[in-house]
Amino acid sequence: MQYSLATISKIVNAKLIGDGNVIIENVLTDSRAKTNHLACLFAAIRGNQHDGHHYIQLQQSKGFSNFLVEEIPLEINLLNCNFLIVGNVLNALQKLARHHRQNFTFPVVGIAGSNGKTIVKEWSYQLLYPQQNIVRSPRSYNSQIGVPLSVFQMQTTNQLGVFEAGISEPGEMAKLEEILQPTIGIFTNIGDAHAAGFINETEKIYEKLILFKNCKTLIYRREENILTEIIDRFVKENNIESITWSTNSKALISVNYFESKNNQLEVFAEVGTQKYSFELPFSDEASFENALHAWVLTYALKADQRQVIPQFQQLHAVEMRLNQKAGKNNCILISDYYNSDIKSIEIVLNWAENRHSNAQKTVILSDVEQSSLSNRDLFTAINQLLKKHNFSRLIGVGKNISACSFLFDLKEQTFYASTNDLMENFSSFTFENEAIVLKAARSFKFEKIEKLLQQKVHNTVLEVNLNALQNNLNYFKSIIDPKTKIMAMVKAFSYGSGGDEIAHFFQFNQVDYLGVAYADEGIELRKKGIHIPIMVMNSDEDSFDTMLDYKLEPEIYSFRSLDLFEQSLDRKGIETAKVHIEINSGMHRLGFDENEITLLCKRLKQNSNIEIASIFSHLAAAEDKTMDSFTKNQIAIFNRCYYSLAEAIGYTPVKHIANSAGAIRHKYAQFDMIRLGVALYGFSPSTQSDKKIEPISTLKSFISQIRIIKPHEGIGYGNLQPAPYQRKIAVVAIGYADGLNRLLSRGNGYFMINGQEAPIVGNVCMDMTMCDVSEITCEEGDEVIVFGKKPTITELANKIGTIPYEILTSVSQRVKRVYSEE
């Protein structure tokens, strides 16, 4: 896109303050992303969890000067900046996207449905890109914001657009239809996704069909169900050509398939007298359906099937997640095999820079197989991206990137014709204390490279879903006042989920404070590049000096701790330092009692070296309705102590008492800041939030060995649990040294293997555990779920009489953490 600010002002009916001649080439809604700020318009969208206006000052500090806003905040510097002021930023963004869409006459495909939208989009692209210049949604950009951002990518050089559209409640699809204006539609299927916003399934189907009301053609699978009945009626009422396919019902395209010996599908299709056959490199029903939708689109577009059909063998699984894991020599590995085009390269480079801005960065990059650009233009653009995102080293793999090596000018760059060539020379590289991005087309099999770089700790892994963590954080943002601060607790290795990785996530999401238990935890975070304020909740006399060195803020909970901290300030010769004063309001753990407040006021008034950053207390039973009167009394005691202290020192420090349960059940006590702990990691502190908080962790292992146990033979130490019949036993590579509690032994716990429950037999050993798989089809090397969706951590906790906190924090640090994000 390319519009002057004056033109945009007319399109969206905005008041322009500044230079209308500035040309805008890109629109940004995420303050964390990197782009060419001089030609970018930052749209300050207001939502349930975020208000983009709060990030305008941050964007100005990065060099941004063009803003689409509903108001100009008082603290904003107007000098050398341009503002477009509208009534609603999201509506203006959508209006601009509608205008941009109208500039193009090439076919536009809109994809809707409950599941498979992103895969159908990507596979359509993979089948067609050799024949056409295609623009498509980045990743799963299908929302009220994502669709406009996708449409802004449309250019006159494109020949086809393929976009997905997703909704969660009635009224949304009409807006997306006006923006996309698709000429061809694909309805994938209907399912439970986002069902909560609709009265019933029929309402959801009709809402999704709105996307296609002005299409010329609609593609869908025709089966004997309510979905087909409704779509048949819809296309007839709206005079839309239907291109249907089916395996067992009357349709334009008849399809048959069978599974081949090599775990692929042989597909045979008939369209009148025409017959087609191809082989899919997948055998599951969902992949079959997604591939057929994509293929029928190629038929509808009259694409040359002689070029399309060979592309089926090039289809690869659509991995919609970026994965981050620990590497050797204190490295971080970021792998993305989602697809291979310049947009996805930009996304992963931006992701790495935002989360690891202080680290040295290397990218190992393959040839780009999906691009309409010439090699010169493509690799020139990639070189610019690498420099913009501060990558210092490039290892290029492939004939094309090697041939264009002269287009790169990084500090260090090396090129190899193939992945095997790189592996043969791998020992010549040194990787240490850096972030390494592996970005490749599937055919380059960079998994081999990843194995060479990966930290060899344990094949048992704890998978941490950062999207779920984001959801949990957003939920709490949605229930607090926008001015209320958030402290995210990352003590105990972030409740077992990982230390600096999770802290970087919260820093990236601009939480106000981090909380740790001990100074050592905070020091380690500072060494890993965490710069936001950190409160240390258990301070001791030996750590104050070091805490001051690392700008950590201690909790002061007694006159003894106050004395020791004052002594440390004198020793270090520091004029002022921040502390947090804890009040004991009834939990009877740490903190000043109410009868000590008068003396504390006197002490604090006498010491100008101490700045009180916050005054806080702990709720003991905020989640328990039967204890509400006790909780209210705690809050009353805290209020009295707070106001006495604030009056004595002459200013009002941050005031906080609410934990996760308190923030949900006692909203009047959210005050200036809330402290979020285990709820962020997926454990609801209240029935009010049960369906809104998602577990973020899945503990996985694998089957090391399968053996047959004869009748009357026992298992493991003690020769336990003999049975009168023959059994098939799987030995799983996890034990109590990994955090699997021994109380789950002898049938008290179970694993999930290939979707079935496998009871634990015998005692949990230090490094391995046995389970009964007599009724389960499985092989050595198969995946084993220790906890996740089933069994849940809460279920395991209930079985052994403990709390989810203990289960999660018990996962050993020798268990590798893998972080994923869509």
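The values are calculated or read from the model by the stated rules, or taken from the named source; none is laboratory data. Note that the structure is a prediction, hence the values are computed from the model and not measured. Counting neighbours? That spans all protein chains shown, and the Cβs are built from the backbone with ideal geometry, glycine included. Ligands, DNA and RNA are stripped out before the accessible areas are found, and what is left, the full protein with its side chains, is counted by its heavy atoms. Shrake-Rupley method; radii C 1.70, N 1.55, O 1.52, S 1.80 Å.
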Chain lengthening between Lys62 and Gln705 when straightened (0.36 nm per residue, less Cα-Cα): 226.0 nm
Residue among Pro695, Gln126, His531 farthest towards the positive dipole end of the chain, charges placed on Cβ: Gln126
Built amide H within the under 5 Å cut-off of Leu28, gap 5+: Leu41, Phe42, Ala43
Beta bridges per DSSP with both ends in the chain, % antiparallel, nearest 5: 40 percent
Under 14 Å, Cβ to Cβ, from Gln670 - net charge with Lys/Arg +1 and Asp/Glu -1: +4
Charge dipole (the chain, unit charges on Cβ, about Cα centre) - positive-most of Val363, Ile449, Phe278: Phe278
Listed residue pairs exceeding 23 Å between alpha carbons, taken from Lys602/Lys667; Lys361/Lys439; Lys485/Lys605; Lys527/Lys551; Lys439/Lys692: Lys602/Lys667; Lys485/Lys605; Lys439/Lys692
Order by protection proxy (mean Cβ within 10 Å, highest first), peptides 622-629, 445-452: 445-452, 622-629
FRET E, pair Asn748, Asn538, Förster distance 51 Å, beta-carbon r, rounded to 0.05: 0.90
Largest-first principal axis extents of the Cα set of the range 375-415 (Å): 25, 19, 13
Asn358 versus Asn13: modelled label distance in nm, points set 7 Å from Cα along the beta carbon direction: 4.9 nm
Spin-label model distance (nm) - Asp549 vs Glu524, 7 Å beyond Cα toward Cβ: 1.8 nm
Magnitude of the charge dipole, the range 576-620, Cβ model with Lys/Arg +1 and Asp/Glu -1, debye to 20: 160 debye
Rounded percent of accessible protein surface that carbon and sulfur make up, the chain, 1.4 Å probe: 47 percent
Distance (nanometres) between label positions extended 7 Å along Cα→Cβ at Asp767 and Lys213: 6.5 nm
Alpha carbon centroid spacing (whole Å) that separates the range 83-128 from the range 784-803: 42 Å
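Under a Cβ-only charge scheme (Lys and Arg +1, Asp and Glu -1), can you give me the dipole magnitude of the range 79-238 about the Cα centre, in debye to the nearest 20?
580 debye
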Kirkwood hydrodynamic radius (C-alpha pairs) into Stokes-Einstein, the range 755-815, 37 °C and 0.692 mPa s, D in µm²/s: 248 µm²/s
Student exercise, the chain dipole from Lys, Arg, Asp, Glu Cβ charges, in Debye to nearest 20: 880 debye
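State in Å² the accessible area per residue of the chain; use a 1.4 Å probe, count heavy atoms of protein chains only, and round to the nearest integer.
43 Å²
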Scaled radius of gyration (Cα, divided by 2.2 N^0.38 Å) that the chain gives: 1.05
Gain in span if fully extended, Thr414 to Glu596, counting 0.36 nm per residue against the direct Cα distance: 58.8 nm
q = 0.15, 0.20, 0.21 Å⁻¹: log10 I(q)/I(0) that the Debye formula gives for the range 497-628, counting C-alpha atoms only: -0.77, -1.18, -1.25
Set Lys117/Lys275; Lys208/Lys691; Lys213/Lys445; Lys325/Lys399 screened for pairs whose C-alpha atoms are more than 32 Å apart: Lys213/Lys445
Proximal lysines relative to Lys710, as straight alpha-carbon distance under 22 Å, when same-chain residues fewer than 8 apart are discounted: Lys728
Separation of alpha-carbon centers, the range 242-297 and the range 129-152, rounded to whole Å: 26 Å
Among 630-636, 361-367, 419-425, the order from most to least packed when residues are scored by Cβ within 10 Å on average: 361-367, 630-636, 419-425
Lysines whose Cα lies under 18 Å from that of Lys62, excluding same-chain neighbours fewer than 8 positions away: Lys34, Lys387, Lys388
FRET E, pair Ser810, Thr273, Förster distance 60 Å, beta-carbon r, rounded to 0.05: 0.35
